[in-house]
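Visitor: Dropping a structure here in structure tokens format, bear with me for questions.
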Amino acid sequence: MHEMSLAESVLELVESTARRECAVRVRRVILEIGQLAAVDREAMRFCFDAVVRGSLAEGALLDIEVIPGSGWCPSCAATVPMDERIAACPGCGGFQLQPTGGTEMRVREIEIE
Ligand SMILES: [Zn+2]
């Protein structure tokens, strides 16, 4: 489950931000997960809850926003929506799509107090 190491890097980022701001507690973390990022949302929640124990972010709410996937089709010379990493182009049915959006996971916002 690679979500565990992802959750750990999220926590590292959150904690270093919180420390820099002299926060006593992290209230909320907003995480963006791309549809093509191959990150399971439920697993991410589970791992986040596990890694934040005993940290500044213990008890913090985790909000997950899904960023839609998109890809570039060389045949159509157009950007098209993609639901999965291996997807057919909705325009021409070809399998040459290069993912261009929704491939990453990032922390968008942190609420501290
Ligand atoms: Zn196409």
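Visitor: Hey, could you check the range 53-82 for residues that are charged (D, E, K, R) and under 15 Å from the mean Cα position of the chain (by Cα) and say which is farthest from the ligand (Cβ to nearest atom)? First the steps, then the outcome.
Guide: Initial filter on the range 53-82 (charged (D, E, K, R)): 53, 58, 63, 65.
Add one more test, that the residue is under 15 Å from the mean Cα position of the chain (by Cα), and what stays is 63, 65.
Numbers: ASP63: 34, GLU65: 28 Å.
Across the range 53-82, the extreme among qualifying residues is ASP63.
Visitor: On to the next question. Can you find a residue that is aliphatic (A, V, I, L, M) and in a loop (DSSP other than H, G, I, E, B) anywhere in the range 26-35?
Guide: No: zero hits.
Visitor: Note down all Cβ pairs under 6 Å where the first residue falls in the range 72-91 and is in contact (Cβ under 8 Å) with a residue 12 or more places away in the chain, the second is assigned to a loop (DSSP other than H, G, I, E, B) and more than 8 Å from the ligand (Cβ to nearest atom), and they're at least six residues apart or on different chains.
Guide: Sorted first by the residue in the range 72-91, then by its partner, the pairs are ARG85/LEU36.
Visitor: Only one of these conditions is not met by GLU42: (1) touching a residue at least 40 places away in the same chain (Cβ under 8 Å); (2) under 14 Å from LEU6 (Cα atoms). Which number is it?
Guide: Exception for GLU42: condition (1).
Visitor: Looking only at the range 94-113, which residues are part of a strand (DSSP E or B) and without any contact (Cβ under 8 Å) to a residue 60 or more places away in the chain?
Guide: From the range 94-113, those part of a strand (DSSP E or B) are 98-101, 105-112; that's our starting set.
Those that are part of a strand (DSSP E or B) and without any contact (Cβ under 8 Å) to a residue 60 or more places away in the chain: GLN98, THR100.
Visitor: Output the residues belonging to the range 53-110 that are of a type in the set (A, V, I, L, M, F, W, C), more than 25 Å from GLU42 (Cα to Cα) and in contact with a strand residue (DSSP E or B) (Cβ under 8 Å, 6 or more places away or on another chain).
Guide: Of everything in the range 53-110, those that are of a type in the set (A, V, I, L, M, F, W, C), more than 25 Å from GLU42 (Cα to Cα) and in contact with a strand residue (DSSP E or B) (Cβ under 8 Å, 6 or more places away or on another chain) turn out to be TRP72, CYS73, ALA78, VAL80, CYS89, CYS92, LEU97.
Visitor: Quick check on my filter: what residues within the range 36-52 are under 26 Å from THR100 (Cα atoms) and assigned to a helix (DSSP H, G or I)?
Guide: Correct list: ARG41, GLU42, ALA43, MET44, ARG45.
Visitor: A further question on this structure: For the range 42-52, does any single residue satisfy the condition of being modelled with pLDDT under 95, more than 16 Å from the ligand (Cβ to nearest atom), farther than 20 Å from ALA18 by Cβ and small (Gly, Ala, Ser)?
Guide: no
Visitor: I would also like to ask the following. Yes or no: LEU97 within 16 Å of the ligand (Cβ to nearest atom) and touching a Phe, Trp or Tyr at 6+ places or on another chain (Cβ under 8 Å)? Don't jump to the end; show me each part of the working.
Guide: Details: within 16 Å of the ligand (Cβ to nearest atom): yes; touching a Phe, Trp or Tyr at 6+ places or on another chain (Cβ under 8 Å): yes.
Judged against the criteria, LEU97 is a match.
Visitor: Have a look at GLU3, GLU15, GLU32, GLU42 and point out the one that is of a type in the set (D, E, K, R) and surrounded by fewer than 15 Cβ atoms within 10 Å (Cβ to Cβ).
Guide: Exactly one of GLU3, GLU15, GLU32, GLU42 is of a type in the set (D, E, K, R) and surrounded by fewer than 15 Cβ atoms within 10 Å (Cβ to Cβ), namely GLU42.
Visitor: Hey, any hits in the range 12-24 for a residue that's of a type in the set (S, T, N, Q), more than 16 Å from the ligand (Cβ to nearest atom) and not in a loop (DSSP other than H, G, I, E, B)? First the steps, then the outcome.
Guide: As a first pass, look at the range 12-24 and keep what is of a type in the set (S, T, N, Q): 16-17.
In the following step, the residues that additionally are more than 16 Å from the ligand (Cβ to nearest atom) were identified as 16-17.
Checking the rest, the ones that are also not in a loop (DSSP other than H, G, I, E, B) come to 16-17.
Taking every residue of the range 12-24 in turn, at least one turns out to be of a type in the set (S, T, N, Q), more than 16 Å from the ligand (Cβ to nearest atom) and not in a loop (DSSP other than H, G, I, E, B).
Visitor: If a residue counts only when it is surrounded by fewer than 16 Cβ atoms within 10 Å (Cβ to Cβ), which strands (runs of 3 or more DSSP E) contained entirely in the range 54-93 have at least 2 such residues?
Guide: Numbers: elements: 61-67, 69-73, 78-82.
The qualifying strands (runs of 3 or more DSSP E) are 61-67, 78-82.
The values are calculated or read from the model by the stated rules, or taken from the named source; none is laboratory data. Because the structure is a prediction, the values reported are computed rather than measured. Heads up, the Cβs are rebuilt from the backbone with ideal geometry, glycines too, and the neighbour counts pull from every protein chain shown.
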